[in-house]
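I have placed the structure first, in the form of structure tokens, so that the comments after it can refer back to it.
The values are calculated or read from the model by the stated rules, or taken from the named source; none is laboratory data. Given the structure is predicted, the values throughout are model-derived calculations rather than measurements. No Cβ is skipped: glycine too gets one built from the backbone with ideal geometry, and neighbour counts run over all protein chains shown.
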Amino acid sequence: MQRGRPGPAWSMLPDALVAIRGVKPMNVRMPAIFTTVLTAAVLSASPAWAQGETRFGVWDNSTNPNNVMTYEPYEKGGMKITVSNPSDPKATWSYVTMFDGKFRSVTGQQNSETAVEIINEKSTRIYNKRDGVVYQVVINTLSADNNTINNEYIRMDKDGKITGVTHVTYLRRAKK
């Protein structure tokens, strides 16, 4: 077994610290490793507002002109999503999210709630609930260029059994 400084973590410590009587390598190494891991996690974390910020704007369904999504800021770090039908403005509905997985009421759809959680920097998972039962999960993924949203709609029965999956692509509307 090699004695002295047992690894790269020790190369960052001053000689005086290593020479302190009674300091065992693990007592110093573990806090150093913990601090490094914690710092990396904090610096690489994607804040919730980044999800909204990259999505803000108007998005047109690529195959159905009567399905338009508008994403806009909501409070501090949240987002409001409005789904509208240009041919029937009364059919508009909306919800807000703080990306915390908490269910919130849907405006324009009776007895409906939606919860949104972050999967990663480009994807969210949306839970749609009606009359207290989750009936649909949507995986919403933003493209690398931030100009396309792909939604996978997973429909379920009251027991959670998948009954169907559909795909819809939304294209960012050019700003005028």
Inset, instruction - Return the total of residues in the range 113-130 being free of Cβ contacts under 8 Å to residues at least 24 places away in the same chain, crowded, with 18+ Cβ neighbours inside 10 Å and of a type in the set (Ser, Thr, Tyr). - result: 1
Inset, instruction - Could you check how many residues of the range 68-90 are among the aliphatic types (A, V, I, L, M) and free of Cβ contacts under 8 Å to residues at least 12 places away in the same chain? - result: 0
Inset, instruction - Might you check whether a residue that is within 18 Å of residue 93 (Cβ to Cβ), in contact with an Asp or Glu (Cβ under 8 Å, 6 or more places away or on another chain), at pLDDT 95 or above and in a strand (DSSP E or B) occurs anywhere in the range 153-172? - result: yes
Inset, instruction - Please specify each residue of the range 94-132 satisfying the condition of being in a strand (DSSP E or B) and polar (S, T, N, Q). - result: 94, 97, 105, 107, 112, 114, 120, 123, 124, 128
Legend entry - Residue under evaluation residue 97, criteria (1) exposed (fewer than 13 other Cβ atoms within 10 Å of the Cβ); (2) closer than 22 Å to residue 57 by Cβ, criterion not met: (1)
Legend entry - Residue list for the range 94-117, restricted to those being on the phi < 0 side of the Ramachandran plot and in contact with a Lys or Arg (Cβ under 8 Å, 6 or more places away or on another chain): 94, 95, 96, 97, 103, 109, 112, 113, 114, 115, 116, 117
